[in-house]
Amino acid sequence: MTSQLISLLIIIAVLVIDFIINGRKKNVDDTQKRIEGYEGLKKFNLSEYLLIRKKNVVIFILFVFLSKPILHYSFFTETKEIPNYEIKVIADGSSKDYYFRNPNGHLIHQKDTITFRWDGYQFTHKNIYWQLNESFNFTIYTSVGEQYLSQGVDVFYYPLETMPLSFNEHLEVMFKSKLWIFLLSVGAMTVIVFLFNDKIKAR
């Protein structure tokens, strides 16, 4: 378990304990006012309502931010593609069916072309083995972006595998990916506040 996750759990635990302890404390004056119907006679004022609950609002917002990466990691996990270096796939070095990446990172197919252009220059189209060993250090790929490599007379590549991001990596993309999860966080926290409203003290 990483230090970031431990710190996050400690913060959540402290806030939960704080809610429980303070929520159980009854304010005699407030209770008496409710019994006498004093509060029921007052006109509801949203700004005043939030003003006397500044700490509650801050804690609510903090919980929303804390719950977003937890929901993201648990139910909407991000993935990435990484080479599996334990598997070596032998390829046909005589094939002319391969891909380059343009400056934007898009794969450009070079199958069966006589010549190809790159950065303003024109080159004779060669096979995979030639490109890896005799060309101007071009990096070439399979159709899904796996990089061709050579070792001796062998041409091969390591297949890409889809792996889930770690919790730390989800924290890094907290404000970049799937921002709509914040709406779920707000909704979840609103439901919790509604269910435990009688135990939450205005402060």
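Numbers at a glance
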read-out: Residue among VAL173, VAL191 that alone is β-branched (Val, Ile, Thr), touching a residue at least 24 places away in the same chain (Cβ under 8 Å) and not assigned by TED's automatic domain parsing to the domain that holds GLY93; value: VAL173
read-out: Residue list for segment 50-97, restricted to those being of a type in the set (S, T, N, Q) and not in a strand (DSSP E or B); value: ASN56, SER67, SER74, THR77, ASN84, SER94, SER95
read-out: Among the residues listed as ASN127, ASN137, the single one being more than 26 Å from THR79 (Cβ to Cβ), surrounded by 12 or more Cβ atoms within 10 Å (Cβ to Cβ), at pLDDT below 90 and not assigned by TED's automatic domain parsing to the domain that holds ASN56; value: ASN127
read-out: Selection within segment 98-120 - at pLDDT 85 or above, surrounded by 10 or more Cβ atoms within 10 Å (Cβ to Cβ) and part of a loop (DSSP other than H, G, I, E, B); value: TYR98
read-out: The lone exception for SER150 - which of (1) part of a strand (DSSP E or B); (2) in contact (Cβ under 8 Å) with a residue 60 or more places away in the chain it fails; value: (2)
read-out: Residue list for segment 155-173, filter: assigned to a helix (DSSP H, G or I) and of a type in the set (D, E, K, R); value: GLU169, GLU172
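The values are calculated or read from the model by the stated rules, or taken from the named source; none is laboratory data. As the structure is a computational prediction, the values presented were derived from the model and not from experiment. Neighbour counts run over all protein chains shown; Cβ positions are idealised from the backbone, glycine included.
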